[in-house]
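Take a look at the structure set out below.
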Amino acid sequence: MRRKTYLLVILLLAATVLYAAGAKEDPSVVLSAARSATKVDIAALKGPTAMGMVKLMADSDAGICGDGNEYSFVLEGAVDAVTPKLVKGDVDISAIPANLASVLYNNTNGQIQVLAINTLGVLYIAEKGDTVKSVSDLRGRTIYASGKGATPEYALMYILAQNGLEVGKDVFIEWRSEHAECVAALLASDDAVAMLPQPFLTTALLTNPDVRIALDLNSLWYDKMGSVLITGVVAARKDFVQENEDAVRAFLSSYGKSVDFVNSNPEEAAKLIGDYGIIAEKVALKALPGCNITFISGEEMQEALSNYLGVLYEQNPASVGGKVPEDGFYFK
């Protein structure tokens, strides 16, 4: 009994010191002082989601994160490389397309939880030349695209359908495994059209001055739906969340700060993004304002995401895994 009392006193003293040193502004810092370090494995795509995490990655590598977690990060170029890692338990937390989180939740009987929205609309139609001024101008064209089975596919299909274009008859889509392949296809042909997200759009614009933004799919979605296009979320294995709730909340606090840093300090963030090989520094600096990197959690996340998934369900139930997830899908 006396030993437990001594340990409690030591923990309280440690928390008091941290509080006096500035932890008052972040309760997660005090929380981390009272628990042992938790190892957290995270996977992200080489795009806006990884760009928003880059400050957390840098602080973790420098040993100055201070939230009580020990992070390891893996960066991938395609969704297909990230999803199995989360489902199999190779990683604890992963940045994935918004609708895919719903599909995984339904396909695993609720074993996936979404923690936060991290990316809003980033999709554009780009071309060489000046022939596409409206969606109807895509008639008879082939669009290079990536993201089949995820938000990019369903956003594109919806906008085409709303404008009377039937895929396979009026317009054709060549699916590629990575967005970088779509950039290469666009640059290789004088009459190519591609659907590109940021920052890959900026890569194409900087590489060839003949490339132009033809259509903003985010604006077209908003005009039709009256709501924002949600591209990405950060999700976790439910068993990991239940066993490590304090660590998850500490991660969300640190991730939110990382997003704030990236949006507020584009030059410093762009350098880190380049250093981590996410995308070239020059491209990152130019692309950041259009990447719509965000951090929305809690009730606000649930309201926005449930509405978005409801829209997808109405046009294609399979796009969300057959049904719109219930409250247990959302970590709050």
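The values are calculated or read from the model by the stated rules, or taken from the named source; none is laboratory data. Bear in mind that the values here come from a model prediction, so they are computed numbers and not experimental data. Note that we place each Cβ from the backbone using ideal geometry, even for glycine, and neighbour counts take in every protein chain shown. Heavy atoms of the whole protein, side chains included, go into the accessibility calculation; ligands, DNA and RNA do not. Shrake-Rupley method; radii C 1.70, N 1.55, O 1.52, S 1.80 Å.
Would you be able to say whether some residue in the range 145-157 is more than 22 Å from the chain's Cα centre (by Cα) and either more than 25 Å from residue 297 (Cα to Cα) or among the charged types (D, E, K, R) (or both)? Checked the range 145-157: no residue is more than 22 Å from the chain's Cα centre (by Cα) and either more than 25 Å from residue 297 (Cα to Cα) or among the charged types (D, E, K, R) (or both). I need a count of the residues in the range 151-189 that are closer than 13 Å to residue 141 by Cβ, touching a strand residue (DSSP E or B) at 6+ places or on another chain (Cβ under 9 Å) and surrounded by fewer than 16 Cβ atoms within 10 Å (Cβ to Cβ). Of the residues in that region, 4 qualify. Scanning the range 274-311 for residues being farther than 13 Å from residue 233 by Cβ and of a type in the set (A, V, I, L, M) gives a total of 9. I want to confirm something. Restricting to the range 132-150 and keeping residues that are part of a loop (DSSP other than H, G, I, E, B) and closer than 30 Å to residue 77 by Cβ, which single residue is most open to solvent (accessible area, probe 1.4 Å)? The extreme case among them is 148. When restricted to residues that are outside any loop (DSSP other than H, G, I, E, B) and either crowded, with 21+ Cβ neighbours inside 10 Å or in contact with a Cys (Cβ under 8 Å, 6 or more places away or on another chain) (or both), the range 219-232 contains 5. Kindly establish whether residue 54 is under 24 Å from residue 328 (Cβ atoms) and not in a loop (DSSP other than H, G, I, E, B). Spelling it out, it is not the case that residue 54 is under 24 Å from residue 328 (Cβ atoms) and not in a loop (DSSP other than H, G, I, E, B). None of 127, 76 is closer than 24 Å to residue 278 by Cβ, touching a strand residue (DSSP E or B) at 6+ places or on another chain (Cβ under 7 Å) and among the acidic types (Asp, Glu) except 76. Taking residues in the range 254-279 that are at negative phi, and partners anywhere that are at pLDDT below 95 and basic (Lys, Arg), the pairs with Cβ atoms closer than 6 Å and at least 6 places apart or on different chains are 278/46. Among residues that are in contact (Cβ under 8 Å) with a residue 24 or more places away in the chain, open to solvent by 10 Å² or more (accessible area, probe 1.4 Å) and under 19 Å from the mean Cα position of the chain (by Cα), residue 200 is included. If the condition is being polar (S, T, N, Q), surrounded by 19 or more Cβ atoms within 10 Å (Cβ to Cβ) and in a helix (DSSP H, G or I), then the range 241-291 contributes 254, 258. As a summary of the residue check, residue 99 satisfies the conditions (1) in contact with a strand residue (DSSP E or B) (Cβ under 7 Å, 6 or more places away or on another chain); (2) open to solvent by less than 10 Å² (accessible area, probe 1.4 Å) except for the one numbered (1).
Is there a residue being touching a Lys or Arg at 6+ places or on another chain (Cβ under 8 Å) and either modelled with pLDDT of 95 or more or closer than 27 Å to residue 93 by Cα (or both) anywhere in the range 225-247?
yes
I need the full set of residues from the range 40-69 which are open to solvent by 40 Å² or more (accessible area, probe 1.4 Å) and touching a strand residue (DSSP E or B) at 6+ places or on another chain (Cβ under 7 Å), in order please. Within the range 40-69, 46 is the sole residue that qualifies. Against the condition in contact with a helix residue (DSSP H, G or I) (Cβ under 6 Å, 6 or more places away or on another chain) and more than 27 Å from residue 159 (Cα to Cα), how does residue 85 come out, does it pass? Answer is no for this residue.
Name the one entry in 313, 330 that is open to solvent by 50 Å² or more (accessible area, probe 1.4 Å) and aromatic (Phe, Trp, Tyr).
Of 313, 330, the one residue that is open to solvent by 50 Å² or more (accessible area, probe 1.4 Å) and aromatic (Phe, Trp, Tyr) is 313.
The sole residue among 122, 87, 82 that is open to solvent by 30 Å² or more (accessible area, probe 1.4 Å), modelled with pLDDT under 95 and in contact with a Ser or Thr (Cβ under 9 Å, 6 or more places away or on another chain) is 87.
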